[in-house]
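Below is one structure; the comments refer to it alone.
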Amino acid sequence: MMPPSKSTIAPVPALLSLAMRPLPLLPLQPALFFLLDRVVRRHPGLFARLGPHADKRFGIDPTDLPFAFVLEPRRLRPRLAAVRTLPDDLDVRISGPLGGLMGLIDGELDGDALFFSRDLQVEGDFEAVVALRNAIDDSQIDLIGEIRSLFGPLGRPVEEVLRNGLRRLRPVDPAGFGV
Amino acid sequence: MSHTRKNGATMQLTLGPVLFNWAPEAWRDFYFRIADEAPVDTVVIGEIVCSKRSPFIADHLPVVVDRLAAAGKQVTLASLILVSLPRERRQMAEMAAAEDAVIEINDLSCLASVANRPHAIGPFVNVYNEATAGFFARRGAVRMCLPPELPLTSVAAIAGALPDVVVEVFAFGKAPLAISARCYHARAHKLSKDSCQFVCDQDPDGMLVKTLDGQDFLAVNGVQTLSHGCVNLIGDIPGLAEAGVRALRLSPQHCDMVAVAEAFRDVLDGRREAAEAERALASLYPGTPFVNGFLHALPGAVHTPVRSAANRGH
Amino acid sequence: MELVCPAGTPAALRVAVEAGADAVYCGFNDETNARNFPGLNFNREELTAGIALAHRRGVKVLVAINTFPRAGAIDLWRRAVDDAVRAGADALILADVGLLDYARRTHPGQRLHVSVQAAAANADSIRFYVETFGVKRVVLPRVLSVPEIAAVTAESGCETEVFVFGGLCVMAEGRCSLSSYATGRSPNMQGACSPASHVNYREERGRMVSRLGEFTINSFAKDEPAAYPTLCKGRFETSQGVGYIFEDPTSLDAATMLPALKEAGVTALKIEGRQRGRAYIESVVQSFRQALTDLDAGLPIETARLAGLTEGQTTTVGAYRKTWR
């Protein structure tokens with residue numbers, strides 16, 4: 001038997017997180033709208049896998065950022081909103097460091113492993129979380145690529161900054177799981 | 001109603017094998033009393049949980065079988081649930097070699113040795129549907145005790161498709177839920193399975209397993225895990241009769257099984273109301289809740305109370 | 001030895017093929033397979049496309065139809081058999097005797113494997129499946145030690161496939177109703193052990209408590225590695241104390257046993273985890289592909305690189321060593 005492994009996911013640096021705190025969330029909103037719109041149009045298969053869970057409300061809380069997201073991945077008018085604190089009327093609440101959450105979306109990290117190591121916390125409708133995880137894992141969403149396309153000519157430098165930033169949040173071990 | 005009652009009256013009672021590690025003399029005396037007093041038609045007998053325990057009852061087995069047969073009981077020998085060791089395969093081969101014995105198969109490894117002679121399929125063989133049941137019937141199975149987790153709709157579909165087979169359901173006793181190569185009694189006592197000191201004999205009704213918040217949940221019986229709740233289908237007899245069930249299995253617990261069999265017989269014959277009989281069973285086997293969730297397609301741990309005769313209505 | 005890898009989604013199938021699988025196993029998105037989880041598995045078109053993709057890369061696809069057909073609704077399972085054959089499956093992995101009988105009669109040329117859910121634990125029962133249904137391979141239950149595997153393989157004359165990594169059933173598979181006792185949904189009938197719909201985690205006095213249906217399965221201190229509330233890996237109380245009375249929340253990792261399994265005559269090595277994501281599939285398949293390459297080259301096998309992926313983040317060789325019992 002081996003000793004349990006410790007979390008290897010670095011948090012967003014506290015200073016950076018602190019600097020983000022006074023930023024207004026409103027300007028983020030159109031960007032999130034376009035981002036979600038692009039993702040669901042390019043990955044219609046998401047909905048077949050989500051099934052009835054597409055109508056649920058998911059709270060996503062990057063614990064190292066001063067804000068969180070509410071995701072409603074419904075077929076008609078899906079919604080992704082940034083909020084200061086998550087509301088109470090959610091079906092599910094998923095929290096963890098940004099690097100872990102992003103790794104889940106792009107398929108670099110394993111959701112079960114993050115959950116077992118306590119990097120990821122889940123409260124509420126577990127079936128909806130499992131459906132969302134499986135739907136996202138199959139869709140192979142390139143989130144950073146999608147963000148790049150939002151920035152038009154500025155896309156390439158933005159992508160570089162994001163990818164470099166994310167790399168720092170990732171485990172050192174390329175397999176991503178550390179021992 | 002009269003139709004139902006007639007079916008109930010023709011339903012047989014079967015006493016399943018003792019699953020726990022009882023002292024050999026207590027085991028022998030239990031069966032002597034069953035032979036002399038219990039209104040059961042068939043007695044299934046043999047050590048089916050742990051092959052290491054088999055030698056304990058071996059000395060008493062012939063005399064017990066004789067006593068039961070002399071009392072007019074149909075005696076059936078049951079095979080082990082999990083057969084893997086060479087010793088276990090030998091034991092099964094020896095059992096099957098007794099040509100005049102009726103054998104109840106609990107593992108498919110014994111099927112070849114009884115093929116083309118009348119035999120029974122025990123509750124540990126996965127018979128979940130009418131096609132599988134039909135397959136076994138074509139190969140000589142005349143009785144089948146269905147797995148305890150089957151809902152009534154499945155029981156009805158199987159019994160309806162096989163009118164010539166005596167379909168039996170697990171109607172009383174802690175539900176056997178799992179079998180393993182690992183011995184959980186030995187593990188709990190920090191012993192290895194090979195030198196287990198037969199600590200399972202300390203728990204003649206299984207070792208209680210509670211949840212961390214103190215809820216009674218399961219019972220450990222060596223390599224076997226059972227429910228803590230005691231299956232009791234005495235309130236479900238009308239539905240079972242209508243489904244075409246022809247026998248009810250009573251699985252021995254550490255209580256007065258003669259009185260348990262009498263309660264079931266009385267209800268089957270219309271001499272006692274189910275609700276009254278259930279109260280009697282509760283005092284015969286106190287401290288263990290009754291459950292019947294599996295039959296109702298609910299969690300097995302759930303209990304749906306007996307419906308009174310007044311609102312049974314059809 | 002053939003490396004048989006899980007795929008819960010078409011994306012996972014592609015990853016497994018890329019990462020070095022010899023064969024991939026998967027199932028339809030309904031109760032006909034034993035990993036019937038939300039958002040998982042293949043519809044008919046996805047399976048056909050997945051098989052075509054795998055075949056182009058010389059990888060086989062084995063389709064698991066390994067639950068026990070519900071009485072009165074057998075057609076759903078028979079259609080799954082017919083559709084998998086039509087899609088070009090290299091083998092069907094079946095557990096139910098009636099369904100094996102149907103597959104043999106309806107598709108006499110189709111290669112059939114006996115699922116681990118059939119719990120064929122000895123040469124006599126394997127012989128029954130070979131003689132009656134012409135099966136070519138049996139997936140052995142995780143209850144046998146390596147010497148027993150060797151004996152069974154030699155005596156039955158049938159190909160054997162054994163699990164080398166992933167979730168570890170401590171009970172004989174296909175013969176366990178623990179989960180349905182707590183949830184009303186049966187692994188054998190509905191295809192999910194500890195279904196997510198009945199799983200709940202919540203914070204209670206600084207501990208995370210996991211529940212399955214109405215029953216508490218475990219409770220974890222703040223930084224303790226967590227586990228899924230699978231009943232057989234829960235913490236309970238008996239007269240002998242509190243603890244993991246069935247099994248610790250651990251996973252199987254038999255990488256160190258590969259030489260012994262090869263010696264035992266095993267044909268195929270199986271990785272558990274159709275419910276896991278692409279990241280898991282990629283790491284585990286690559287790791288075992290490397291281990292098999294090392295084994296063939298006579299090199300020592302590097303171990304312990306996958307612990308982070310496992311439940312409770314610890315591993316065991318399980319029943320492969322007799323002391324496990």
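Checking every residue in the range C:177-186 against the condition of being outside any strand (DSSP E or B), of a type in the set (S, T, N, Q) and more than 8 Å from chain B (Cβ to nearest Cβ) gives at least one match. Residues that are of a type outside the set (Gly, Ala, Ser), surrounded by fewer than 23 Cβ atoms within 10 Å (Cβ to Cβ) and more than 9 Å from chain B (Cβ to nearest Cβ): does the range C:114-128 have at least one? So far as the range C:114-128 goes, no, none of its residues is of a type outside the set (Gly, Ala, Ser), surrounded by fewer than 23 Cβ atoms within 10 Å (Cβ to Cβ) and more than 9 Å from chain B (Cβ to nearest Cβ). Filtered by the rule that a residue be closer than 16 Å to B:LEU146 by Cβ and out of contact with any Cys (no Cβ under 6 Å at 6 or more places or on another chain), the range B:243-288 gives B:ALA243, B:GLY244, B:VAL245, B:ARG246, B:ALA247, B:LEU248, B:LEU250, B:SER251. For B:VAL63, the stated conditions do not hold, so it cannot be described as surrounded by 21 or more Cβ atoms within 10 Å (Cβ to Cβ) and β-branched (Val, Ile, Thr).
Quick check on the range B:56-88: of everything there that is of a type in the set (Val, Ile, Thr) and assigned to a helix (DSSP H, G or I), which residue is nearest to B:VAL18 (Cα to Cα)? Restricting to residues being of a type in the set (Val, Ile, Thr) and assigned to a helix (DSSP H, G or I), the top hit is B:ILE57. The residue that is surrounded by the fewest Cβ atoms within 10 Å (Cβ to Cβ), counting only those in the range B:135-160 that are part of a helix (DSSP H, G or I) and facing another protein chain (nearest Cβ under 7 Å), is B:THR153.
Applying the set (1) at positive phi; (2) in contact with a helix residue (DSSP H, G or I) (Cβ under 8 Å, 6 or more places away or on another chain); (3) in contact (Cβ under 8 Å) with a residue 40 or more places away in the chain to C:LEU252 leaves exactly one unmet item: (1).
Scanning the range C:228-257 for residues that are under 15 Å from B:THR225 (Cα atoms) and among the acidic types (Asp, Glu) turns up C:GLU237, C:GLU247.
Just one of the listed residues (B:VAL231, B:VAL220) is more than 8 Å from chain C (Cβ to nearest Cβ) and of a type in the set (Val, Ile, Thr), namely B:VAL231.
At least 1 residues being touching a residue at least 24 places away in the same chain (Cβ under 8 Å) and within 12 Å of chain C (Cβ to nearest Cβ) is the threshold, and among the strands (runs of 3 or more DSSP E) wholly inside the range A:1-116 those reaching it are A:92-96. Restricting the first member to the range B:36-49 and to residues that are touching a residue at least 12 places away in the same chain (Cβ under 8 Å), and the second to residues that are hydroxyl-bearing (Ser, Thr, Tyr) and assigned to a helix (DSSP H, G or I), the beta-carbon pairs closer than 9 Å and six or more apart or on different chains are B:VAL43/B:TYR31; B:ILE45/B:TYR31; B:GLY46/B:SER54; B:GLU47/B:SER54. In the range B:201-214 there is no residue matching the filter, namely being surrounded by fewer than 17 Cβ atoms within 10 Å (Cβ to Cβ), in contact with a helix residue (DSSP H, G or I) (Cβ under 9 Å, 6 or more places away or on another chain), under 29 Å from C:LEU140 (Cβ atoms) and not hydroxyl-bearing (Ser, Thr, Tyr). Counting the residues of the range C:278-292 that are among the aromatic types (Phe, Trp, Tyr) and either within 9 Å of chain A (Cβ to nearest Cβ) or more than 18 Å from C:GLY167 (Cα to Cα) (or both) gives 1. For B:HIS254, are the conditions met, namely being closer than 26 Å to B:THR10 by Cβ, touching a Pro at 6+ places or on another chain (Cβ under 8 Å) and surrounded by fewer than 21 Cβ atoms within 10 Å (Cβ to Cβ)? No. Here is the figure for the range C:40-92: residues that are in contact (Cβ under 8 Å) with a residue 12 or more places away in the chain, of a type in the set (Gly, Ala, Ser) and touching a helix residue (DSSP H, G or I) at 6+ places or on another chain (Cβ under 6 Å) total 4. Where strands (runs of 3 or more DSSP E) fall wholly inside the range B:187-279, the ranges with 1 or more residues that are without any contact (Cβ under 8 Å) to a residue 12 or more places away in the chain and not aromatic (Phe, Trp, Tyr) are B:207-210.
Might you let me know whether the range C:167-184 holds any residue that is in contact (Cβ under 8 Å) with a residue 24 or more places away in the chain, farther than 25 Å from C:TRP77 by Cα and in contact with an Asp or Glu (Cβ under 6 Å, 6 or more places away or on another chain)? Yes, because at least one residue in the range C:167-184 is in contact (Cβ under 8 Å) with a residue 24 or more places away in the chain, farther than 25 Å from C:TRP77 by Cα and in contact with an Asp or Glu (Cβ under 6 Å, 6 or more places away or on another chain). Residues in the range C:212-225 that are surrounded by fewer than 22 Cβ atoms within 10 Å (Cβ to Cβ) and either closer than 11 Å to C:VAL199 by Cβ or of a type in the set (A, V, I, L, M) (or both): 1 in all.
Applying the criterion of at least 2 residues that are farther than 30 Å from C:ALA291 by Cβ, within 14 Å of chain A (Cβ to nearest Cβ) and not charged (D, E, K, R) to the strands (runs of 3 or more DSSP E) found wholly in the range C:187-273 leaves C:199-204, C:207-212, C:215-220. Go through the residues of the range B:24-36 one by one and say whether even a single one is of a type outside the set (D, E, K, R), outside any helix (DSSP H, G or I) and on the phi < 0 side of the Ramachandran plot. No, the range B:24-36 has no match at all.
Of the residues making up the range A:71-107, not one is in contact with a Gly (Cβ under 7 Å, 6 or more places away or on another chain), modelled with pLDDT under 85 and surrounded by fewer than 19 Cβ atoms within 10 Å (Cβ to Cβ). In the set B:THR288, B:THR304, only one residue is among the hydroxyl-bearing types (Ser, Thr, Tyr) and surrounded by fewer than 18 Cβ atoms within 10 Å (Cβ to Cβ); that residue is B:THR304.
Report yes if C:VAL81 is within 14 Å of chain B (Cβ to nearest Cβ), farther than 23 Å from B:SER109 by Cβ and out of contact with any Lys or Arg (no Cβ under 8 Å at 6 or more places or on another chain), otherwise no. It is true that C:VAL81 is within 14 Å of chain B (Cβ to nearest Cβ), farther than 23 Å from B:SER109 by Cβ and out of contact with any Lys or Arg (no Cβ under 8 Å at 6 or more places or on another chain). Considering only residues in the range C:129-176 that are part of a loop (DSSP other than H, G, I, E, B) and over 20 Å from the mean Cα position of the chain (by Cα), the one that is surrounded by the fewest Cβ atoms within 10 Å (Cβ to Cβ) turns out to be C:GLY157. Could you grab me the full set of residues in the range B:110-134 that are buried (at least 20 other Cβ atoms within 10 Å of the Cβ) and more than 9 Å from every other protein chain (Cβ to nearest Cβ)? Correct list: B:VAL114, B:HIS119, B:ALA120, B:ILE121, B:GLY122, B:PRO123.
The values are calculated or read from the model by the stated rules, or taken from the named source; none is laboratory data. Being a predicted model, the structure only gives us computed values, none of them experimental. Heads up, the Cβs are rebuilt from the backbone with ideal geometry, glycines too, and the neighbour counts pull from every protein chain shown.
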